[in-house]
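The values are calculated or read from the model by the stated rules, or taken from the named source; none is laboratory data. Small disclaimer: the values here were computed from a predicted structure and weren't measured. No Cβ is skipped: glycine too gets one built from the backbone with ideal geometry, and neighbour counts run over all protein chains shown. When the accessible area is computed, the model is the full protein with side chains, heavy atoms only, and any ligands, DNA or RNA have been set aside. Shrake-Rupley method; radii C 1.70, N 1.55, O 1.52, S 1.80 Å.
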Amino acid sequence: MGIIKRDVSAKSGRSAVTIIAQGNHFKGDTQVSGKMHVDGLFEGSIDSSDDISIGRHGCIRGRVRARNVTVSGTLEGDLICDQLHIERGGQVRATVCSDNLSIDPQGCFVGERRLQAPPQLEYRPEHTAPERTDTDTIDYSLIDSLPDRITLSAKGS
């Protein structure tokens with residue numbers, strides 16, 4: 001049993017928590033201020049600057065953007081977050097763009113994971129090939145002058 005204080009404003013320093021309880025079905029697009037917990041079914045897109053958790057009976061189908069996401073139920077679709085944690089029994093079938101991903105034993109992840117800011121690769125040839133004009137004939141001995149190795153490195157390294 002919970003106790004609700006009547007004198008606490010939604011604009012106080014505390015973060016609001018949005019809950020979709022088990023047995024409820026929400027369909028649409030929403031922006032959430034504060035944390036969100038889903039134990040029912042949500043279909044659509046959720047945009048939050050805070051954390052989202054999916055309970056054991058919860059299911060989200062759609063696009064989710066949040067800071068930290070914890071999954072004990074099911075997530076299907078697209079996810080953009082800083083950190084994703086899949087708990088025991090949790091199932092994620094999604095394209096995930098996340099810096100950190102952790103999966104407990106008996107957690108399930110099927111999909112694709114990308115880093116939020118992939119490093120920029122830069123081509124640096126060790127040798128440069130001579131310039132060619134349209135009147136030149138192709139000299140296949142130039143193949144021997146190609147570099148043995150091409151180095152790709154992160155930009156700024």
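Among the listed residues ASP134, ASP144, ASP104, identify the single one that is modelled with pLDDT of 60 or more, out of contact with any Phe, Trp or Tyr (no Cβ under 9 Å at 6 or more places or on another chain) and open to solvent by 70 Å² or more (accessible area, probe 1.4 Å).
Every option except ASP144 fails the conditions.
Out of the range 72-100, which residues are within 13 Å of the chain's Cα centre (by Cα) and within 12 Å of ASP39 (Cα to Cα)?
Across the range 72-100, the qualifying residue is only LEU75.
Can you pull out every residue in the range 44-93 that is part of a loop (DSSP other than H, G, I, E, B) and open to solvent by less than 40 Å² (accessible area, probe 1.4 Å)?
Within the range 44-93, ASP50, ASP51, GLY55, GLY58, ALA66, SER72, GLY73, GLY90 meet the criteria.
When both residues are 6+ apart or on different chains and their Cβ atoms are under 8 Å apart, which pairs have a first residue that lies in the range 15-31 and is farther than 13 Å from ASP50 by Cβ, and a second that is open to solvent by 90 Å² or more (accessible area, probe 1.4 Å)?
From residues that are farther than 13 Å from ASP50 by Cβ, the pairs are GLN22/HIS57.
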